[in-house]
1. Sequence gap at least 6, Cα distance under 8 Å: using those rules, report the relative contact order of segment 51-92 to the nearest whole percent.
2. For segment 69-90 and segment 124-144, what is the centre-to-centre distance using only Cα atoms, to the nearest Å?
3. Based on the Cβ-Cβ distance of Arg105 and Arg206, what FRET efficiency does E = 1/(1 + (r/R0)^6) give at R0 = 45 Å, to the nearest 0.05?
4. For Val71, enumerate residues with amide H under 5 Å from its amide H, sequence gap 5+ or separate chain, H modeled in the peptide plane.
5. All other residues with a Cβ under 13 Å from the Cβ of Tyr79 taken together, and with Lys, Arg as +1 and Asp, Glu as -1, what is their net charge?
6. Peptides 219-229, 143-153, 196-206, 118-128: what's the order by average Cβ count within 10 Å, highest mean first?
Amino acid sequence: MSDVLPNEAAETVVDIPSPRAAMDANAVKAAYRRWASVYDALFGSISTFGRKRAVEAVNALPGTRVLEVGVGTGLALPYYRADKRITGIDLSGDMLERARQRAARLHLSNVDALLEMDAEATGFEDGAFDIAVAMFVASVVPHPRALLAELKRVVRPGGHILFVNHFLAEGGVRLAVERGMARASHSLGWHPDFAIESLLPPADLRRAILQPVPPAGLFTLVTLDREADDCASPMVA
Ligand SMILES: C[S@@+](CC[C@H](N)C(=O)[O-])C[C@H]1O[C@@H](n2cnc3c(N)ncnc32)[C@H](O)[C@@H]1O
């Protein structure tokens, strides 16, 4: 992992997520009802590299039971190795319908289930999965810390949790642009001003592996080991 960033920022982070406009489950569903038919064309290609990088990382990890949260239209589904058994969940029935069509069209026999379910409160048993992966989802869910807590609950101790996402820039023009764009969060369906601290408390941020992902490091792949003493109680941001 040559491009792993030393996670120096974690030392100075305080446990106060950046301000962000809340988007509840109904707002998420409404936004993705509008986006579903054009999502692949508009957002598919810019995020392809991040999706491929995340699934490559999943494929390289031990364990076969994989939960993909916020599976959307299923753009990542074809990249999983055949021996990984995939359960995909999403809040949006409209996005999920497209994932189901993709899985059927491509005969993806390792996709076990595509379920309409809230990633912050799933119906899965503790430790049901070896790996959970959330691609471009953390900045969309209403309560990112609740998402993290739920993934810690459903991933077995010793398993892995991965996120690939855009996180708020630390400065410069990009920071100003992202803060400006945040006003459009509800119509965009995601938060351009989403800071990594909104998702990871300081202890997790210290031990997470962060890898920049092209284009231009716009996205970051976060890999977190699910430790035996991980607290799985929700810490809502
Ligand atoms: C930006 S899209 C990403 C889709 C897909 N992961 C990809 O890489 O293209 C975000 C997805 O997260 C879903 N989502 C948002 N909040 C959710 C929640 N609480 N539980 C499950 N899915 C959620 C949305 O419905 C949407 O399909």
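1. Numbers: 44 pairs, mean separation 20.8, N = 42.
That works out to 49 percent.
2. Cα centroid to Cα centroid, the span is 12 Å.
3. On the way: r = 43 Å, r/R0 = 0.95.
So the FRET efficiency works out to roughly 0.55.
4. The answer is Ile89, Asp90.
5. Working: positive: Arg51, Lys52, Arg53, Arg81, Lys84, Arg102; negative: Glu56, Glu68.
In short, +4.
6. Details: 219-229: 17.8, 143-153: 23.4, 196-206: 19.7, 118-128: 16.0.
Top to bottom by mean Cβ count within 10 Å: 143-153, 196-206, 219-229, 118-128.
Every read-out reported here was derived from the displayed coordinates using simple, explicitly stated rules and does not represent laboratory data. Quantities reported herein were computed from a predicted structural model and do not represent experimental measurements. Note that each Cβ is placed from the backbone with ideal geometry, even for glycine, and that neighbours are counted across all protein chains shown.
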